[in-house]
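The values are calculated or read from the model by the stated rules, or taken from the named source; none is laboratory data. Owing to the predicted nature of the structure, the values given are computational and were not obtained by experimental measurement. Here Cβ is always computed from backbone atoms with ideal geometry, including for glycine, and neighbour counts include all displayed protein chains. Areas reflect the complete protein model, heavy atoms only, side chains present, ligands, DNA and RNA absent. Shrake-Rupley method; radii C 1.70, N 1.55, O 1.52, S 1.80 Å.
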Amino acid sequence: NAINRLHHDDYFNIIEFDDAHTKFNNYSVQATKDNVQRASQWVRRIDARGGTEMQPALKKALLLPPINGLMKIVTLITDGYVGNENSLYKLIHNDLGNARLFTVSLGSAPNSALLEKISTQGRGSFVYIGSTNDVSSKMDKLFSYLENPALTDLQFSCIATKDIMPNPIPDLFATQPVVIFGKLTNK
């Protein structure tokens, strides 16, 4: 569904992972009719083999070169348990750059708290899908956000405020509010 929603001027790549990872292409490709068709066929051939070694695949995704003038969005979707919390935090801190990280947890196996935290660290959002009946509606909602960024690289400053949360502040996407918290000082 995500592949078929791409616009001709979008670029994309896919990295499948379990105990190993494989890229659809060595670099991001334009969403031409041919590339979308090839990617759809490639995805249909993916066979789950077990394991959830996400870190090497996420590193590959983060290190893909950005396309000039386009926001780089990484969407991580998993139905397996995700561990190595400290390594993932460090990876995102070191390699996120200007990319945005969105995470999707399918079922009860993934560590949803971790996925939510790394999506916040990655200036994205987290989607939890508890039932296969909800996959289509929740993914459609996520895709509609991703297709409609309203404001990026938001900054907030106030003389009497410290400890702003979330930090970093996420981008504003259509129909998704950005809520900012902070502590007021006695100034």
Which value, in Å² and to the nearest 10, is the accessible area of Thr152 when all protein chains are kept and the probe is 1.4 Å?
-> 60
So His93 and Phe181, fully extended at 0.36 nm per residue minus their Cα-Cα distance, gain in nm 29.5 nm
Set Lys138/Lys183; Lys23/Lys117; Lys60/Lys117; Lys59/Lys90; Lys59/Lys138; Lys33/Lys60 screened for pairs whose C-alpha atoms are more than 22 Å apart = Lys138/Lys183; Lys23/Lys117; Lys59/Lys138; Lys33/Lys60
Accessible area per residue in Å² at 1.4 Å probe, computed on segment 1-45 | 64
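Could you tally the net charge around Leu154, taking each other residue with its Cβ under 10 Å from the Cβ of Leu154, Lys/Arg +1 and Asp/Glu -1? Intermediate results must be reported in sequence, preceding the final value.
Numbers: positive: Arg123; negative: Asp153, Asp171.
After counting each charged neighbour, the total is -1.
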For Ser108 paired with Asp134, estimate the spin-label separation in nm (one decimal), with each label point 7 Å from Cα along the Cα-to-Cβ line.
-> 1.3
Can you pull the three principal axis extents for the Cα set of segment 68-108, in Å, largest first?
-> 37, 21, 8
Relative contact order, percent, of the chain when contacts are C-alpha pairs under 8 Å separated by at least 6 residues?
-> 13
For Arg5, Arg100, Arg49, what's the largest-to-smallest order of accessible area, 1.4 Å probe?
-> Arg49, Arg5, Arg100
Out of these labelled values of percent of Cα pairs over 28 Å apart, [x] 26; [y] 18; [z] 54, which was calculated from the coordinates shown here?
-> [x]
Within the accessible area of segment 120-180, what % is carbon and sulfur when the probe is 1.4 Å and the other protein chains stay in place?
-> 55
Lys and Arg at +1, Asp and Glu at -1: neighbours of Thr103 with Cβ under 14 Å from its Cβ sum to +1
